[in-house]
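The values are calculated or read from the model by the stated rules, or taken from the named source; none is laboratory data. Given the structure is predicted, the values throughout are model-derived calculations rather than measurements. Every residue, glycine as well, gets a Cβ built from its backbone with ideal geometry; the counts of neighbours run over all protein chains shown.
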Amino acid sequence: MNVSLKSKLPHVGPTIFSVMTQLANEHNAINLSQGFPDFTCPASLIERVNFYMKRGDNQYAPMAGLPILQQQIAAKVDNLYHLTLNAAEEVTITSGATEALFCAIQTVIKLGDEVIVFDPSYSYEPAIILAGGKAVHLPLITPDYHIDWEAVRQSVNSRTRLIIINSPHNPTGAVLTADDLQQLSQIVDKNDLFVLSDEVYEHIIFDQQSHQSVLRYPDLYQRCFVVFSFGKTYHVTGWRVGYCIAPPILTSEFRKVHQFVTFDITTPLQYGLADFMKSDPQHYLNLPRFYQQKRDLFCRLLANSKFTLVPSQGTYFQLLEYSNISEQGDVDYAKTLTVEAGIAAIPISVFAKQPIEKKYLRFCFAKDDTTLTKAAAILTLL
């Protein structure tokens, strides 16, 4: 029997993260490609999750999330960004940030709508396509990867529905400023647009900078879906727990999608995270220093290499420019580096619609210091 199926995503294959991780595994390479720590999460967090599993809290959680976790998130937002939330109506627990991003896009995008994204960018476009929309790709301006707000203004038209921002930014490590948020606010207010703010690296920001969350701007927040990740904050990327904060009218529509995607999120994980947030609020406050030490170590160890770099401003990724080493394109060189040198990285051209002239690879430094030291020793010999 011949079976045919017309793909909704004909140009989408396995993600570069899966490809490079598989290649790293095949060649026993040090995996600095996919963004996950090779160190463990806090022992007390594991203990709390284990406690609730043993207690029998293993059935469905409420669709929007456990109230105790919603309340802890609201308290954190109040403490950090001075915004008072109605936890029950504005906080939704999701299956990682990816589900939250997907649901937010499905909530507001209809057939023919346009979404502005900034390249290089995370993989937002498939969700836009599945919603019937079109991604409008605007390049970030090098060398510091800032947004050209005049280009944004010129790109907005009657079909524009949503602007997606990401700060701290994956893959470049750039961060948005207060002026960026003010310009964004003016544009969305004037044109009646929505904003999806990807803030999964909110606590991984360096050099005494303050994360400019849209939650700091009450008027802008009224048009926003704001997405966060417990995996990034607590070193538990495999748990797939995130959350979306949005005003009640947006949250109500968001949950209509969410309930038919995952419905709810693992109950003992939610209880354990709520307990840990309450008992150890310093954990996320210490993350900037924790990860800056790793960034500084990695950059210092590469000081005598042929790579060129500007230290990342945020996230746990560092871009390295390799034109002094190879003339290969970044996808080919990433594979060569994995197979021949035993170091896996991510080519950043896959994050952009238009060709990227600079020869950059993205390396994850969310690793044990011994892993970073071993990797840097190999990279310095190239």
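Tabulated data
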read-out: Pair list, Cβ < 7 Å and 6+ apart or interchain, from the range 367-382 residues that are assigned by TED's automatic domain parsing to the domain that holds PHE317 and without any contact (Cβ under 8 Å) to a residue 60 or more places away in the chain to residues that are in a helix (DSSP H, G or I) and surrounded by fewer than 22 Cβ atoms within 10 Å (Cβ to Cβ); value: none
read-out: 3 or more residues buried (at least 19 other Cβ atoms within 10 Å of the Cβ) and touching a strand residue (DSSP E or B) at 6+ places or on another chain (Cβ under 8 Å): qualifying helices (runs of 4 or more DSSP H) within the range 209-268; value: 248-258
read-out: Residue in the range 345-359 that is surrounded by fewer than 18 Cβ atoms within 10 Å (Cβ to Cβ), aliphatic (A, V, I, L, M), part of a loop (DSSP other than H, G, I, E, B) and touching a Pro at 6+ places or on another chain (Cβ under 8 Å) present; value: yes
read-out: Residue count for the range 306-340, restricted to those that are under 20 Å from ASP369 (Cβ atoms) and surrounded by fewer than 18 Cβ atoms within 10 Å (Cβ to Cβ); value: 2
read-out: First in the range 200-211 and over 8 Å from LYS232 (Cβ atoms), second anywhere and in a strand (DSSP E or B), Cβ under 9 Å, 6 or more apart; value: GLU202/PHE228; GLU202/SER229; GLU202/GLY314; ILE205/GLY314; PHE206/GLY314; GLN209/GLY314; HIS211/ILE205; HIS211/GLY314
read-out: Which numbered condition SER158 misses (of (1) out of contact with any strand residue (DSSP E or B) (no Cβ under 7 Å at 6 or more places or on another chain); (2) among the small types (Gly, Ala, Ser); (3) in a helix (DSSP H, G or I)); value: (3)
read-out: Those helices (runs of 4 or more DSSP H) lying entirely in the range 1-101 with at least 3 residues modelled with pLDDT under 95 and buried (at least 19 other Cβ atoms within 10 Å of the Cβ); value: 16-26
